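This report refers to the structure that appears directly beneath it.
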């Protein structure tokens, strides 16, 4: 346990330093997650002219929540892993007595810390432009949102890392992410809150992992009604499934690894 | 005591076959065919604790594939191997604590950070207590003359300094078995010498076993008493470097400087003509014919200078590999 703590500390502190080296890039990444802000403009205008079950102000709060949640669930492990397999860089990680996944986890978590100071500025800037959207979420809702976001990140990472395992066979596993992204785009609540979906589509979507990546944490922080128990159960079930699938693919994939270029 | 034992080791890769042109591309898209390539074929050897062994062979001979199997990076297709008492491909933590692989053309250090940061990760990953980490760091830094270099970003280091920092990172956990794949690739003569000196001292001080591949014969002659030659996946020689040279280099190199150039057609009658550059001529002459041929040269031609030496080891090995069907 003492060593686990020491390893976590070393990995996080070094990768944080690494991310800070790329601070300008991290700032641009944070800005590139501004799609919800654009969609907010579209939806608040549309809500003023039609009946979508949410008021324009709700759409504004929803999309700023989406913006915040997305900052914490960004995952890029598939591109990193694919590169490692294709270029043979995975070899170095395989030579060390620690599972290569922990370096990726540390990299992602450190990037969150590097990104953290930028988020309040962007949110503050938004509220400056749109002061009527300001709201104060309750403490329990903030707490539940933090749990939901942490779980969303874990599940999203696990799912993408599982797809990344196909790099052992196809060497272009990132193409799978493009298909997966299509579902993610429509079912996660990124381009529209689930509340505007037809009831049947919404019902089906809630059994997939996608709405729990964005819609669920965003709905929690703005106080929209959610089935917390069902959400946690579905996330857990997908998490367990992808965990075992990941380990199964890893064991088979590593036998295919040829350490190309290294 | 043998620390590495390899028996009938084979690695087969499936390689896709594609014919050129649109037809070939379409056929390849719809029906992909493969052929099996034996990168390593049925090789066996043992290495004793503390030995430094040179692994020689032309590009694509199977040297790196063998090293990767020994280091546990890739699974062998057939055969048995044990390194430090472990099956490498299982990559058990205790095995990984005892071995290391350095690849001259690849780097593990984080490019934008000082090497010390990467070393801190390695210390934690290999579970080195802080005092031990500091002690080993001091010791290896001194051996590699890397003082005040470890706090600079890796990208600011010279190629030689970077290679030495890579070695430091690979040896921080004091591996018993060290695999080196082209450790001096691209380094200048001074840096090559520094890396060789370090490896010799490391081997003597810690009785570490080293298996090294290199294109620079200087690495092999400076470090290895024993060499293994691999060609087209097969081990064609395993023995001492001296015996290899005696067996495969029954030649002497004769360099002469003439008073005036002589056509090649006239020079070839004296022996194997290696090169002619104006008045400078190089021959390879068999040892038993050396005296009589040199006498003939001195009688027939006006010679300003003449020297007889052993041919460079690169020439010997290159010559050996060129004899594709040599019976050994």
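Observations on the model:
- Just one residue in the set B:72, B:54, B:104 is on the phi > 0 side of the Ramachandran plot and either assigned by TED's automatic domain parsing to the domain that holds residue B:226 or at pLDDT below 95 (or both); that residue is B:72.
- Candidate set from segment B:128-148 (those that are more than 10 Å from chain A (Cβ to nearest Cβ) and over 23 Å from residue B:203 (Cβ atoms)); member that is modelled with the lowest pLDDT: B:148
- Helices (runs of 4 or more DSSP H) (entirely within segment A:1-75) containing at least 3 residues that are without any contact (Cβ under 8 Å) to a residue 60 or more places away in the chain and either within 14 Å of another protein chain (Cβ to nearest Cβ) or under 30 Å from residue B:130 (Cα atoms) (or both): A:2-21
- Yes/no for residue A:221 being part of a helix (DSSP H, G or I), under 20 Å from the mean Cα position of the chain (by Cα) and surrounded by 15 or more Cβ atoms within 10 Å (Cβ to Cβ): yes
- Residue in segment A:82-91 that is under 30 Å from residue A:124 (Cα atoms) and not in a loop (DSSP other than H, G, I, E, B) present: no
- Residue under evaluation residue B:194, criteria (1) assigned to a helix (DSSP H, G or I); (2) closer than 17 Å to residue B:50 by Cα; (3) touching a residue at least 40 places away in the same chain (Cβ under 8 Å), criterion not met: (2)
- Single condition residue A:153 does not satisfy, out of (1) buried (at least 20 other Cβ atoms within 10 Å of the Cβ); (2) over 18 Å from the mean Cα position of the chain (by Cα): (2)
For every residue, the table says whether it meets (1) more than 22 Å from the chain's Cα centre (by Cα); (2) closer than 27 Å to residue B:100 by Cα; (3) modelled with pLDDT under 95; (4) within 14 Å of chain B (Cβ to nearest Cβ).
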{"position": "A:117", "(1), (2), (3), (4)": "no, no, yes, no"}
{"position": "A:128", "(1), (2), (3), (4)": "yes, no, yes, no"}
{"position": "A:160", "(1), (2), (3), (4)": "no, no, no, no"}
{"position": "A:168", "(1), (2), (3), (4)": "yes, yes, yes, yes"}
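- Test: residue in segment A:13-24 that is out of contact with any strand residue (DSSP E or B) (no Cβ under 9 Å at 6 or more places or on another chain) and over 30 Å from residue A:96 (Cβ atoms): yes
- Subset of segment B:108-127 [in contact (Cβ under 8 Å) with a residue 60 or more places away in the chain and more than 7 Å from every other protein chain (Cβ to nearest Cβ)]: B:109
- Those residues of segment A:243-262 which are within 14 Å of chain B (Cβ to nearest Cβ) and either modelled with pLDDT of 95 or more or in a helix (DSSP H, G or I) (or both), in sequence order: A:250, A:251, A:252, A:253, A:254, A:255, A:256
- When the strands (runs of 3 or more DSSP E) confined to segment B:51-164 are screened for residues that are over 15 Å from residue A:92 (Cα atoms), those reaching at least 3 such residues are found at B:52-56, B:78-83.
- Test set (1) over 16 Å from the mean Cα position of the chain (by Cα); (2) more than 14 Å from chain B (Cβ to nearest Cβ) - residue A:113 fails condition number: (1)
- Residue that is within 13 Å of chain A (Cβ to nearest Cβ), in contact with a strand residue (DSSP E or B) (Cβ under 9 Å, 6 or more places away or on another chain) and touching a residue at least 60 places away in the same chain (Cβ under 8 Å), where the choices are B:102, B:53: B:102
The values are calculated or read from the model by the stated rules, or taken from the named source; none is laboratory data. Bear in mind the structure is a predicted one, so any value in this text is a computation, not a measurement. Positions of Cβ are generated from backbone atoms using ideal geometry, with glycine treated the same way; all protein chains shown enter the neighbour counts.
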